[in-house]
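Asks: Handing you a structure now.
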Amino acid sequence: MGRVARDDQLLTTFRFEVSFDRAAGDGPQALGDGGFQEVTGLEVEMDVAEYQEGGRNDGVIRRVGRAKYQPLVCKRGMFLPSGGDAEPELWQWFTDVVVGVRPVRRYNGSVRVQDQAGQTRATWRFIRALPAKIVGPQLNGKSGEIAVEELHLAHEGLLLEGTT
């Protein structure tokens, strides 16, 4: 029979941090403060090549292919430092890439999931990320929702810490 987990053994998804450390290019060594409200795209998919072997009519041979990494999508509320304007750092990174600043600034980073006591229990590491898309807040004069910006990151690898 399968193992049944107690509630205190399950990770929740509401307490996490995202960090960025520059891997290439000029610019700030770190990016952001980790305060994202949502992160999606912690996915890896592998291509599987199928070969039809002559004389074998009961199936196909399946071979390992390349890994494909989904873009990470990070959402956060737009911050206003005391007495200032919205933080432009993510937009500046994207703009630098668009206008041709070379070498392209890339960041390695991590997504750390914490338990209720604040201890890190799972860490995903991504490498050589660059901004693929940035989305500003959805403005609506009829609502009082918080302005949320969205950053899509294309990266070259994703690994759950503890695996090789």
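Laboratory data are not the source of any read-out in this text; all were calculated from the coordinates shown. Bear in mind the structure is a predicted one, so any value in this text is a computation, not a measurement. No Cβ is skipped: glycine too gets one built from the backbone with ideal geometry, and neighbour counts run over all protein chains shown.
Asks: Sort 102, 112, 121 so that the residue with the fewest other Cβ atoms within 10 Å of its own Cβ comes first and the one with the most comes last. Before the final figure, lay out the partial values.
Replies: On the way: 102 9, 112 18, 121 13.
Sorted ascending by nearby Cβ count, the order is 102, 121, 112.
Asks: Using Cβ counts within 10 Å as a stand-in for footprinting exposure, how do 78, 46 rank, fewest first?
Replies: Working: 78 15, 46 9.
Ordered by Cβ neighbours within 10 Å, fewest first: 46, 78.
Asks: How large is ³J(HN,Hα), in whole Hz, for each residue of segment 41-58 in order, when computed from phi with the Karplus curve 6.51 cos²θ - 1.76 cosθ + 1.60 and θ = phi - 60°, using x for Gly and Pro?
Replies: x, 6, 9, 9, 10, 10, 5, 10, 8, 10, 10, 9, 7, x, x, 9, 9, 9
Asks: Further, regarding this structure: Please arrange 72, 10 by how many other C-beta atoms lie within 10 Å of their C-beta, fewest to most.
Replies: Fewest-to-most ranking of 72, 10: 10, 72.
Asks: Note down the magnitude of the dipole of the chain about its Cα centre, charges +1 on Lys and Arg C-beta and -1 on Asp and Glu C-beta and zero elsewhere, to the nearest 20 debye. All intermediate terms of the calculation are to be shown ahead of the outcome.
Replies: Details: 20 positive and 23 negative charges, 75 e Å.
With Lys and Arg at +1 and Asp and Glu at -1, about 360 debye.
Asks: Which distance in nm do the two modelled labels at residue 67 and residue 29 give, with both placed 7 Å along the Cα-to-Cβ direction?
Replies: Distance between label points: 2.8 nm.
Asks: Quick one: length gained pulling residue 53 to residue 22 fully straight, 0.36 nm per residue minus the C-alpha distance?
Replies: Working: separation 31, 0.36 × 31 = 11.16 nm, distance 4.72 nm.
That works out to 6.4 nm of additional length.
Asks: Convert each backbone phi in segment 17-31 into a coupling constant with the Karplus relation 6.51 cos²θ - 1.76 cosθ + 1.60 (shift: θ = phi - 60°), then list the ³J(HN,Hα) values in order as whole Hz, x for Gly and Pro.
Replies: Calculated HN-Hα couplings, in order: 9, 10, 10, 10, 10, 4, 10, 7, x, 8, x, x, 5, 10, 9 Hz.
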